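Note sheet for the following structure.
The values are calculated or read from the model by the stated rules, or taken from the named source; none is laboratory data. Everything numeric here is computed off the predicted structure, so don't read it as measured data. We place every Cβ from the backbone using ideal geometry, glycine too, and count neighbours over all the protein chains shown. These area figures cover heavy atoms from the full protein model, side chains too; ligands, DNA and RNA do not enter into them. Shrake-Rupley method; radii C 1.70, N 1.55, O 1.52, S 1.80 Å.
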Amino acid sequence: MDHKTVIPYSTQSICIHDISAVVKALVSPFITTGPRVPMFEITLADIVRAKHGVAMNSATSALHAACSALGVTKGDLVWTTPISFVASANCALYCGADVDFVDIDPLTLNMCPKALEAKINASERKPKVIIPVHMAGFPADMKAIHRIARSNKIAIIEDASHALGARIGTDPVGNCKYSDITVFSFHPVKMITTGEGGMATTNCKDLADHMKAFRSHGIVKDPSWQPWQYEQRNLGMNYRMTDIAASLGLSQLRKLEDFCGKRYDLSMRYCMNLEGKFGRQHRLPNTQPSHHLHIIRVRKEAQSDMFAHMYKHGITVQLHYKPIYLQPYYRGLGFKPGLCPNAEAYYEEAMSLPVYPDLSYSKQNRVIETLERFQ
Ligand SMILES: *Cc1c(COP(=O)(O)O)cnc(C)c1O
């Protein structure tokens, strides 16, 4: 590695306002669920135009809570896309359900509606829930997926871990126009951060109430009861978000538009400079991606050498993702290569370039020049 600073593929952007917001929370009477958690929920739900927001300690927890709220249990089937983080599939297994995968569209890298329809028609066992993912913040074809799911009575959870700030037409991802529940992640590499954190949005009060109970042991309280009374009605978890995390989330949300603008700008600079040299992800017409990742496609023969070349020059590019079912754990469940050919072909060519709000043009130029120097 040369002696220049390492450029990560992504990192958080923390300013003085974030720091003072967290300090204020720390010296307040509440550091776990206090006033800032519901404030963060209301503010984010308002931004994405959903009726309810349920904050949790991660998107993984929110996906688990969402599956539980939709009644996913032993004997059920959940389908997701193989090109995602493992959490998109693990959530079904947490509920005792089985999971399977629908191949991607090779251009958008999202769950392919045609493949979904064909798989439904070819399967005796239908999924109870499908979990499309807005890969890299590029919205999936939710209109088509929703139409197919509705005519087969399948519920939808949108995994929007990458997609806070993205839009489908004028609809913000998260308004649940095409889904039952949408889930966001606030891991430091995502669009905004709370350290660790996640949120589920929904327009259905029953689903929101279930998730609120689920994140706190399955316990419910009623305003008409005495303040010391509570009942555990279901088996839940401790998935609560702290007020410390929510204070950071509230402060970060104020910068969401700015973050999206910077990521868009950086993505456009990559596109202009690398046009014709590498394949790229395509957005659907009338959608606005959040540009969480900038993925290029390289020649598969050169992929591992290119990763090594970038790392040698201090640029820690990433591979999003190996198809989930090729992970050893999933292989152990019986999944085999060949299940989703588009996903497997993509995996052999993918490379995520650095994109984050504080990435300077000069550092981005270093990324571009290092890529171009690869022979
Ligand atoms: C990051 C991520 C998750 C999990 O998010 P956490 O907040 O880290 O639990 C789930 N799905 C996708 C697509 C992700 O990128």
Could you list, in sequence order, the residues of the stretch 119-147 that are touching a helix residue (DSSP H, G or I) at 6+ places or on another chain (Cβ under 8 Å), among the aliphatic types (A, V, I, L, M) and under 22 Å from Leu207 (Cα atoms)?
Val129, Ile130, Ile131, Val133, Ile145
Scanning the stretch 92-121 for residues that are part of a loop (DSSP other than H, G, I, E, B) and of a type in the set (D, E, K, R), which turns out nearest to Ser68 (Cα to Cα)?
Asp103
Restrict the check to the stretch 108-131 and report whether at least one residue is of a type in the set (Asp, Glu), over 15 Å from the mean Cα position of the chain (by Cα) and within 20 Å of Ala343 (Cα to Cα).
yes
Please enumerate the residues belonging to the stretch 122-155 that are surrounded by 22 or more Cβ atoms within 10 Å (Cβ to Cβ) and not in a loop (DSSP other than H, G, I, E, B).
Val129, Ile130, Ile131, Val133, Met135, Ala136, Gly137, Met142, Ile145, Ala149, Ala155
If you take the residues of the stretch 52-75 that are in a loop (DSSP other than H, G, I, E, B), touching a helix residue (DSSP H, G or I) at 6+ places or on another chain (Cβ under 8 Å) and away from the ligand (no atom under 13 Å from the Cβ), which of them is nearest to Arg240 (Cα to Cα)?
Leu70
Which numbered condition in (1) under 24 Å from Leu77 (Cα atoms); (2) more than 16 Å from the ligand (Cβ to nearest atom) is the only one that Ala140 fails?
(2)
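Looking at Gly165, Gly174, can you tell me which residue is within 16 Å of the ligand (Cβ to nearest atom), in a loop (DSSP other than H, G, I, E, B) and open to solvent by 20 Å² or more (accessible area, probe 1.4 Å)? Give the steps one after another, and end with the answer.
Numbers: Gly174 fails: open to solvent by 20 Å² or more (accessible area, probe 1.4 Å).
When all the criteria are applied, what remains is Gly165.
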Single match in Lys212, Lys205 (criterion: closer than 30 Å to Lys24 by Cα and either modelled with pLDDT of 95 or more or within 12 Å of the ligand (Cβ to nearest atom) (or both))
Lys212
Inspect the stretch 324-347 for any residue being touching a Phe, Trp or Tyr at 6+ places or on another chain (Cβ under 8 Å) and within 17 Å of Ile7 (Cβ to Cβ) and give the result as yes or no.
no
Restricting to the stretch 177-189, and then to whatever is closer than 17 Å to Ala140 by Cβ and in a loop (DSSP other than H, G, I, E, B), can you tell me which residue is farthest from the ligand (Cβ to nearest atom)?
Lys177
Sort out which residues of the stretch 281-305 are touching a Leu at 6+ places or on another chain (Cβ under 8 Å) and either of a type in the set (Val, Ile, Thr) or more than 20 Å from Ala160 (Cα to Cα) (or both), and write them in order of number.
Ile295, Ile296
Result of the Cβ filter at 7 Å on the stretch 66-92, keeping first residues that are more than 21 Å from Pro113 (Cα to Cα) and partners that are β-branched (Val, Ile, Thr) and part of a loop (DSSP other than H, G, I, E, B), at least 6 apart or interchain, is none
